[in-house]
Amino acid sequence: MLEELKTDKKIVGFKQSLKAVKAEQVVKAFVSMDADVHVATPFVHACEAQNVPVEYCESCKVLGEACGIDVGAAVAVLMK
């Protein structure tokens, strides 16, 4: 699941990920369960509108590590 983020083409971060979802360039989205509600909610709604599957992960720290960055990440996406 999160292993996909280590090898596949990805975008990390709310603004760029949301832009990619709206442009229909995303295969799967990842959302941290401890992400701020004002970030996670509109992102998940956009994913649902584009029929992008959403996978939840336990924390921003774990998602950031899975993406290979040194800081936490609220959202990330796998690109087509």
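Side notes on the structure shown:
- The listed residue being in contact (Cβ under 8 Å) with a residue 24 or more places away in the chain, crowded, with 20+ Cβ neighbours inside 10 Å and either of a type in the set (Asp, Glu) or under 15 Å from Val12 (Cα atoms) (or both), out of Val54, Val31, Val39, Val62: Val31
- Within region 5-19, if we keep just the residues that are touching a helix residue (DSSP H, G or I) at 6+ places or on another chain (Cβ under 9 Å) and part of a helix (DSSP H, G or I), the residue that is most open to solvent (accessible area, probe 1.4 Å) turns out to be Lys6.
- Lys22 being more than 10 Å from the chain's Cα centre (by Cα), charged (D, E, K, R) and open to solvent by 30 Å² or more (accessible area, probe 1.4 Å): yes
- Some residue of region 28-39 being more than 15 Å from Glu58 (Cα to Cα), within 10 Å of the chain's Cα centre (by Cα) and of a type outside the set (Gly, Ala, Ser): yes
- Among the candidates Ala29, Ala23, residue that is under 12 Å from Val77 (Cα atoms) and of a type in the set (A, V, I, L, M): Ala29
- Boolean, Val44 is in contact with a strand residue (DSSP E or B) (Cβ under 8 Å, 6 or more places away or on another chain), modelled with pLDDT of 95 or more, in a helix (DSSP H, G or I) and of a type in the set (Val, Ile, Thr): yes
- Residue selected from region 65-80 under the condition open to solvent by less than 70 Å² (accessible area, probe 1.4 Å) and more than 18 Å from Lys15 (Cα to Cα), by the criterion nearest to the chain's Cα centre (by Cα): Ala66
The values are calculated or read from the model by the stated rules, or taken from the named source; none is laboratory data. None of the values given here were measured: they were computed from a predicted structure. For neighbour counting, all protein chains shown are included, and Cβ atoms are generated from backbone atoms with ideal geometry for every residue, glycine included. Accessible surface is based on the protein model in full, side chains and every heavy atom, while ligands, DNA and RNA are left aside. Shrake-Rupley method; radii C 1.70, N 1.55, O 1.52, S 1.80 Å.
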